[in-house]
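All of the numbers you see were taken from the coordinates with simple rules; none came from a lab. Note that the structure is predicted; figures quoted are calculated from it, not measured. Cβ placement follows ideal geometry from the backbone for every residue including glycine, while neighbour counts extend to all protein chains displayed.
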Amino acid sequence: MTKSVLGIIGGSGLYDVPGLENARWVAVESPWGQVSDEILFAEIDGLAVRFLPRHGRGHRVSPTHIDFRANIDALKRAGVTDLVSISACGSLKEHYPPGHFVIVDQFIDRTFAREKSFFGTGLVAHVSVADPVSPLLAEACFVAAKAEAIDVSLGGTYLVMEGPQFSTRAESNLYRSWGCDVIGMTNMPEAKLAREAEICYATVAMVTDYDCWHEDHTQVDVAAIIQVMMGNTEKAQRLVLNLARAFPKEHPACPVGSDRALDVAIITRPEARDAALMAKLDAVAGRVLNGV
């Protein structure tokens with residue numbers, strides 16, 4: 001079996017994880033562009049852990065300008081088998097107040113200004129994202145949150161908007177009518193790219209505010225969000241440490257096939273494949289392109 005390497009992408013407010021062992025920041029280059037930051041290589045109770053701040057330390061990169069392909073490729077090069085996205089979000093449901101965590105299992109992608117695939121002209125592939133979250137990883141995140149007495153729900157739909165502006169009230173009410181639970185700006189195309197890279201993926205969505213649909217919260221206030229975010233960050237750090245300490249050292253097979261997503265995805269015939277694109281895909285798709 002493959003050794004587990006737990007990847008953590010830290011969202012707004014989560015720029016490091018205290019308590020890691022043998023921690024060192026390592027620059028991992030990607031042929032796909034600029035990685036948001038160096039990757040923190042570390043261990044927790046013998047488990048390899050890789051941490052990447054999505055916006056860079058100090059929050060330098062806006063959601064639209066994150067190079068999601070470079071980030072996922074770099075994490076794949078760092079050996080990550082299982083990836084947990086820690087993400088600040090707004091609530092679209094009354095019963096998910098600020099401070100609540102939602103382990104989502106579905107996404108609606110409303111982004112429009114981002115590169116969404118590693119594949120394209122010269123090497124075409126179509127992966128399934130019907131079930132974008134690895135259920136074993138989501139369950140492990142839920143168990144870790146409960147163990148830390150964090151107010152958490154398992155399951156929910158995350159509406160991913162482009163940003164960087166927050167929603168109009170009409171948009172917020174539209175997304176509520178669709179049955180969405182939380183709203184944020186970062187988990188797409190991240191989840192799609194993780195699937196293309198055959199990395200098991202799960203999201204811990206940390207509610208910072210009610211979106212502007214709420215009659216008592218008609219204006220999203222950044223100062224108020226930051227105050228809630230500080231408390232969420234401390235809880236997220238505890239969740240990550242608990243998750244890592246209980247995490248299996250051997251990577252289990254994913255029930256929805258996240259770790260074998262490219263087995264039946266590549267459609268371009270071998271003789272028609274673009275050599276330059278294949279070279280860039282050495283980490284993401286090397287297992288299938290090299291016949292492993």
- Given the Cα-Cα distance of residue 224 and residue 60 and 0.36 nm per residue of separation, how much length would full extension add, in nm? 57.0 nm
- Mind pulling the angle between the C-alpha long axis of helix 135-147 and the longest principal axis of the chain? Nearest 10 degrees, somewhere in 0 to 90. 40
- Which shape class applies to region 132-222: rounded if a/c is under 1.5, otherwise prolate when a/b exceeds b/c and oblate if not, where a ≥ b ≥ c are the square roots of the Cα gyration tensor eigenvalues? oblate
- Roughly how many nanometres apart are two label points built 7 Å out from the Cα toward the Cβ at residue 162 and residue 43? 4.6
- Item | Estimated dipole of the chain in Debye, rounded to 20 [Cβ of Lys and Arg +1, of Asp and Glu -1, Cα centre] | 540
- Query: Counting only DSSP beta bridges with both residues in the chain, what percent are antiparallel, rounded to the nearest 5?
  - Reply: 40
- Message: Suppose R0 equals 45 Å. What FRET efficiency, 1/(1 + (r/R0)^6) with r the Cβ-Cβ distance, do residue 151 and residue 124 give to the nearest 0.05?
- Response: 0.55
- Note on the structure: Counting only residues 5 or more apart in sequence or on a different chain, those whose built amide H sits under 5 Å from that of residue 7 are 50, 81, 82, 83, 84
- Item | Subset of 192/235; 76/235; 93/280; 235/280 violating a 31 Å alpha-carbon distance limit | 93/280; 235/280
- Task: Round to the nearest 10 and give me the degree value, 0 to 90, for the angle of helix 68-77's Cα axis relative to the longest principal axis of the chain.
- Result: 60
- Restricting to Cα pairs under 8 Å and 6 or more apart, the percent relative contact order of the chain works out to 26
- Query: Order of 210, 15 from fewest to most other C-beta atoms within 10 Å?
  - Reply: 15, 210
- Message: To make sure I understand, if each residue's beta carbon is the centre and we count other beta carbons within 10 Å, what order do 112, 68, 247 fall in, fewest to most?
- Response: 112, 247, 68
- Message: Taking R0 as 41 Å, what FRET efficiency do you get between residue 169 and residue 246 from their Cβ-Cβ distance, rounded to the nearest 0.05?
- Response: 0.45
- For the chain, the longest stretch holding no trypsin sites (Lys or Arg not before Pro) located in a DSSP loop with at most 11 other Cβ atoms within 10 Å is which? 61-248
- Task: May I ask you to list the GluC sites (Glu not before Pro) in region 179-248 that are in a DSSP loop and have at most 11 other Cβ atoms within 10 Å of their Cβ?
- Result: 215
- Note on the structure: Between residue 275 and residue 3, the two model label points (7 Å from Cα along the beta-carbon direction) sit apart by a distance in nm of 3.5
